[in-house]
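Student: Take a look at the following structure, please.
The values are calculated or read from the model by the stated rules, or taken from the named source; none is laboratory data. Bear in mind that the values here come from a model prediction, so they are computed numbers and not experimental data. Ideal geometry is used to build each Cβ from the backbone, glycine not excepted, and the neighbour counts take in all protein chains shown. With ligands, DNA and RNA removed, areas are computed over all heavy atoms of the protein, side chains included. Shrake-Rupley method; radii C 1.70, N 1.55, O 1.52, S 1.80 Å.
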Amino acid sequence: MSLLVVGLSHRSAPVSILERASLQADTQTKLLQDTLAAEPAAEATVLATCNRIELYADVDKFHAGVAELSTLLAQHSGVGLDELTPYLYVHYEDRAVHHLFSVACGLDSMVVGEGQILGQIKDALALGQVQHTAGRLLNDLFQQALRVGKRAHSETGIDRAGQSLVTFGLEQLAQDTDVESWARGKRALVIGAGSMSSLAAATLARAGVAEIVIANRTLARAERLAEILAEPGGTGVAARAAEMVAVGDELGRADIVVSCTGATGLVLTGEAIATVAESRDEPLYLLDLAMPRDIDAAAHRIPGVRLVDIESLADASADAPMAHDVDQVRSIVSDEVAAFGAAQRAAHITPTVVALRTMAADVVASEVARLEGRLPGLDDKQRAEITQTVRRVVDKLLHAPTVRVKQLASEPGGAGYADALRTLFDLDPETVASVSRADLNDADVKNRGRV
């Protein structure tokens, strides 16, 4: 296993850098294609959220892999390599596994314990599968990360240690007031209809806002979200859709605005916000969950406007208390990393063991055929008994060493046992390689479209 991750997050880089380095969907696809075309990488996938960008790859050379992945991140993010490098972190092999499992459990999130990251990890795996850049290692890794994250949430109280970014953002807007009391009766404008915007709309609806307007570049998606919110079986809130060109007009009627789009420029300018703020007596509350930002940071300085964005959320979350449950999750992560490493090391020797047993079967078949030539008078019953006896002898001779070598290979530093087995039994490297290729093909078929 040669797993490498190169990335940056809210823990390593200022929001201004994260904002500039954010990757659009088509850019992520191109990044994966270029990573796989690079010499050190055999498979790859990218985890891109509002506060992290991480490129995962299976590489055959550490230093060359770090250099290549760093360069590719710089090229596709549009931030120069010299400027980006100080904010990049690198994790390799078991440390990379530990990092992803920690991320999946919400330990590395801006709001500790938030569960949205699981959906984002699922999306990252799906992208690698669709683009055929995620092979056996990354499929196994990301699927196990999802299981570890779910285990952490079901076996511990990590959910009590934090909330979703949406909930945390609304709490910051409400300040010392309960969110439901603060939101009740207000009119809300939600810009965007993706997963984060949908969660924001549902959260506001449950909090008791009087009306929600959904504005989106694709009107049909906004209409569908509004329908779901207004359904009797849903939240039952008064909800309607609006086109993006109507955002300026809707801003004037809103009390709360939540924006999370994939736009590369500002959705709400400081000038537009100032104009609306001047014409109203009540405060205007703005929550910007986009990266790069949707709402002009100048809104922080406009009287009558309260803006909470990714940067202010990062500052607020730094002071959030850590729950006792976090220690339990860290213990789960450590155990799961050890188990994953043992399973990967054991899997590494399997093609060699299969090749050894295939060679043994060929030897048995050859010797039985030679015996038939020398003893042509054997009847079918005698021939079957001799064949079965020879097979039992071979199986018994191979059983103990193959079981033991799998056990040894699963331990740290056990990778050399496969090489020793190949050398001792003079196994054909091409035979071992062909078994590995067959395993990879089986894994690709099994995991295709599975997340």
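Student: Quick one: in segment 42-56, of everything that is open to solvent by 10 Å² or more (accessible area, probe 1.4 Å) and modelled with pLDDT of 90 or more, which residue is farthest from Ser109 (Cα to Cα)?
Tutor: Ala42
Student: Something else: When the residues of segment 171-204 are narrowed to those that are modelled with pLDDT of 95 or more, in contact with a strand residue (DSSP E or B) (Cβ under 8 Å, 6 or more places away or on another chain) and open to solvent by 10 Å² or more (accessible area, probe 1.4 Å), which ends up nearest to Arg253 (Cα to Cα)?
Tutor: Arg187
Student: Right, something else. Do you know which of the residues in segment 69-110 that are within 17 Å of Arg147 (Cα to Cα) and out of contact with any helix residue (DSSP H, G or I) (no Cβ under 8 Å at 6 or more places or on another chain) is most open to solvent (accessible area, probe 1.4 Å)?
Tutor: The extreme case among them is His99.
Student: Scan segment 115-126 and give yes if some residue there is without any contact (Cβ under 8 Å) to a residue 40 or more places away in the chain and open to solvent by less than 40 Å² (accessible area, probe 1.4 Å), otherwise no.
Tutor: Yes: segment 115-126 contains one or more residues that are without any contact (Cβ under 8 Å) to a residue 40 or more places away in the chain and open to solvent by less than 40 Å² (accessible area, probe 1.4 Å).
Student: Here are the criteria: (1) on the phi > 0 side of the Ramachandran plot; (2) touching a residue at least 60 places away in the same chain (Cβ under 8 Å). Tell me which single one Gly304 does not satisfy.
Tutor: Among (1) on the phi > 0 side of the Ramachandran plot; (2) touching a residue at least 60 places away in the same chain (Cβ under 8 Å), Gly304 violates only (2).
Student: Same structure again: Determine whether segment 226-247 contains at least one residue that is within 20 Å of Arg306 (Cβ to Cβ) and either of a type outside the set (Asp, Glu) or open to solvent by less than 50 Å² (accessible area, probe 1.4 Å) (or both).
Tutor: Scanning segment 226-247 turns up at least one residue that is within 20 Å of Arg306 (Cβ to Cβ) and either of a type outside the set (Asp, Glu) or open to solvent by less than 50 Å² (accessible area, probe 1.4 Å) (or both).
Student: Given the structure, is Leu173 farther than 19 Å from Ala263 by Cβ, aliphatic (A, V, I, L, M) and under 31 Å from the mean Cα position of the chain (by Cα)?
Tutor: Yes; evaluated as a whole, the condition is true for this residue.
Student: Condition (residue is surrounded by fewer than 11 Cβ atoms within 10 Å (Cβ to Cβ), among the small types (Gly, Ala, Ser) and at pLDDT 75 or above) applied to segment 389-401: is it met by at least one residue?
Tutor: yes
Student: Hey, does segment 18-33 have a residue that's touching a Lys or Arg at 6+ places or on another chain (Cβ under 8 Å), among the charged types (D, E, K, R) and assigned to a helix (DSSP H, G or I)?
Tutor: Looking for residues that are touching a Lys or Arg at 6+ places or on another chain (Cβ under 8 Å), among the charged types (D, E, K, R) and assigned to a helix (DSSP H, G or I), one finds at least one in segment 18-33, hence yes.
Student: Something else: Please specify each residue of segment 236-251 satisfying the condition of being over 22 Å from Gly169 (Cβ atoms) and not hydrophobic (A, V, I, L, M, F, W, C).
Tutor: Gly236, Arg240, Glu243, Gly248, Asp249
Student: Oh, and also: Being more than 15 Å from Ala183 (Cα to Cα), assigned to a strand (DSSP E or B) and hydrophobic (A, V, I, L, M, F, W, C) is the filter here, so list the residues in segment 196-238 that pass it.
Tutor: Hits for segment 196-238 are Ile214, Ala215.
Student: Still on this structure, I have one more. Within segment 264-318, can you find the residues that are over 18 Å from Leu18 (Cα atoms) and of a type in the set (Ser, Thr, Tyr)?
Tutor: Of everything in segment 264-318, those that are over 18 Å from Leu18 (Cα atoms) and of a type in the set (Ser, Thr, Tyr) turn out to be Thr269, Thr275, Ser279, Tyr285.
Student: Evaluate the following for Val5: is it buried (at least 18 other Cβ atoms within 10 Å of the Cβ) and under 19 Å from the mean Cα position of the chain (by Cα)?
Tutor: yes
Student: Hey, another quick one. Within segment 34-58, can you find the residues that are part of a helix (DSSP H, G or I) and in contact with a helix residue (DSSP H, G or I) (Cβ under 9 Å, 6 or more places away or on another chain)?
Tutor: Asp34, Thr35, listed by residue number.
Student: Which of the residues belonging to segment 151-170 are crowded, with 18+ Cβ neighbours inside 10 Å and within 18 Å of Asp309 (Cα to Cα)?
Tutor: Gly162, Gln163, Ser164, Leu165, Val166, Phe168, Gly169, Leu170
Student: Does Thr352 satisfy the criteria of being part of a helix (DSSP H, G or I) and open to solvent by less than 30 Å² (accessible area, probe 1.4 Å)?
Tutor: It is true that Thr352 is part of a helix (DSSP H, G or I) and open to solvent by less than 30 Å² (accessible area, probe 1.4 Å).
Student: Let me ask something else about it. For Asp58, indicate whether it is over 14 Å from the mean Cα position of the chain (by Cα) and free of Cβ contacts under 8 Å to residues at least 60 places away in the same chain.
Tutor: When the stated conditions are applied, Asp58 does not pass them.
Student: If Asp325 satisfies every condition in (1) farther than 20 Å from Ser197 by Cβ; (2) open to solvent by 40 Å² or more (accessible area, probe 1.4 Å); (3) among the acidic types (Asp, Glu) but one, which is the exception?
Tutor: Going through (1) farther than 20 Å from Ser197 by Cβ; (2) open to solvent by 40 Å² or more (accessible area, probe 1.4 Å); (3) among the acidic types (Asp, Glu) one by one, Asp325 breaks only (2).
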